[in-house]
Amino acid sequence: MQQATHNRRAELKRQTKETTIDVQVVLDGQGRYDIKSGIGFLDHMLELWTRHSLMDVTLKARGDTQVDCHHTTEDVGIVLGLAIKQALGDKRGIARYGHALVPMDEALVLVALDCSGRGLLSWSVNFSDEKLGTLATASIREWFHAFALNSGVTLHVRQLAGGNSHHSAEAAFKGCARALRQAIAIDERQKEAIPSTKGTL
Ligand SMILES: [Mn+2]
């Protein structure tokens with residue numbers, strides 16, 4: 001299911017009866033993306049997530065979107081989470097924590113995360129619309145949940161102000177990206193150390 005980790009990058013393929021997903025992630029990238037999930041709104045979110053994280057991400061997914069977008073959205077979260085976990089390796093030298101407070105017009109979302117090795121999602125975001133394009137807004141939480149659990153990131157997402165669902169979703173993905181960018185950055189003051197008193201993350 002997975003291969004190779006050199007210079008903070010990972011390449012993964014995951015195939016189930018519901019989805020086939022190929023992903024490449026470069027942590028120290030430039031925010032370049034080539035994303036084709038088969039779900040337009042999810043592509044839009046993952047493109048801005050990549051852009052603001054300064055990773056490079058290539059993702060191709062073929063899923064049973066004729067059923068609905070749930071399986072593909074969740075599985076894309078799983079695969080991206082696994083890829084980032086693999087690319088981080090033993091997490092030597094990383095800042096570890098990150099946070100961001102991101103407005104998008106009237107929407108305001110706070111994201112705080114810890115590359116702890118203990119995947120957890122604490123989610124408080126409400127969407128006024130049931131769907132954004134073909135994507136059920138309920139599936140957005142499933143993406144974050146799958147991503148947190150499989151990356152081993154403790155991830156808190158709090159909507160402080162909302163209104164338009166598109167804006168709230170965008171603020172959540174951008175907040176996640178900005179927080180992740182901080183957390184996975186190499187801390188020059190301790191670039192050979194694992195940032196934990198336990199000695200492992
Ligand atoms: Mn938009």
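Overview of results
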read-out: Under the Debye formula (equal points on every Cα, no solvent term), log10 I(q)/I(0) of the stretch 2-190 at q = 0.08, 0.09 Å⁻¹; value: -0.22, -0.28
read-out: Sites matching GluC sites (Glu not before Pro) across the stretch 93-201 that sit in DSSP coil, with at most 16 neighbouring C-beta atoms within 10 Å; value: GLU106, GLU130, GLU192
read-out: Solvent-accessible area per residue for the chain (1.4 angstrom probe, square angstrom); value: 47
read-out: Top of PHE173, PHE144, PHE127 by mean-square fluctuation, Gaussian network on the chain, Cα under 10 Å; value: PHE127
read-out: Aspartates and glutamates with Cα under 14 Å of LYS91, excluding same-chain neighbours fewer than 8 positions away; value: ASP28, ASP114, ASP187, GLU188, GLU192
read-out: Highest-MSF residue in the chain out of LEU27, LEU80, LEU132 [GNM, Cα springs under 10 Å]; value: LEU132
read-out: Estimated [θ] at 222 nm from DSSP helical runs (n ≥ 4, -39500 (n - 2.57)) normalised by residues in the chain, nearest 500; value: -11000 deg cm²/dmol
read-out: Most fluctuating residue given options GLN30, GLN86, GLN190, as computed from a GNM of the chain linking Cα atoms under 10 Å; value: GLN190
read-out: Point-to-point label distance, ILE186-ASP22, nm (Cα→Cβ direction, 7 Å offset); value: 3.0
read-out: Whole-Å distance, taken between Cα centres, linking the stretch 150-173 and the stretch 49-96; value: 16
read-out: Sequence-distant lysines (8 or more away, or on other chains) whose Cα lies within less than 26 Å of LYS60; value: LYS13, LYS17, LYS36, LYS85, LYS131, LYS174
read-out: Percent accessible area from carbon and sulfur atoms, the chain, protein chains only, probe 1.4 Å; value: 48
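The values are calculated or read from the model by the stated rules, or taken from the named source; none is laboratory data. Quick caveat: nothing in here was measured; it's all calculated off a predicted structure. Note that we place each Cβ from the backbone using ideal geometry, even for glycine, and neighbour counts take in every protein chain shown. Just so you know, the surface numbers come from the protein's heavy atoms only, side chains and all, with ligands and any DNA or RNA stripped out. Shrake-Rupley method; radii C 1.70, N 1.55, O 1.52, S 1.80 Å.
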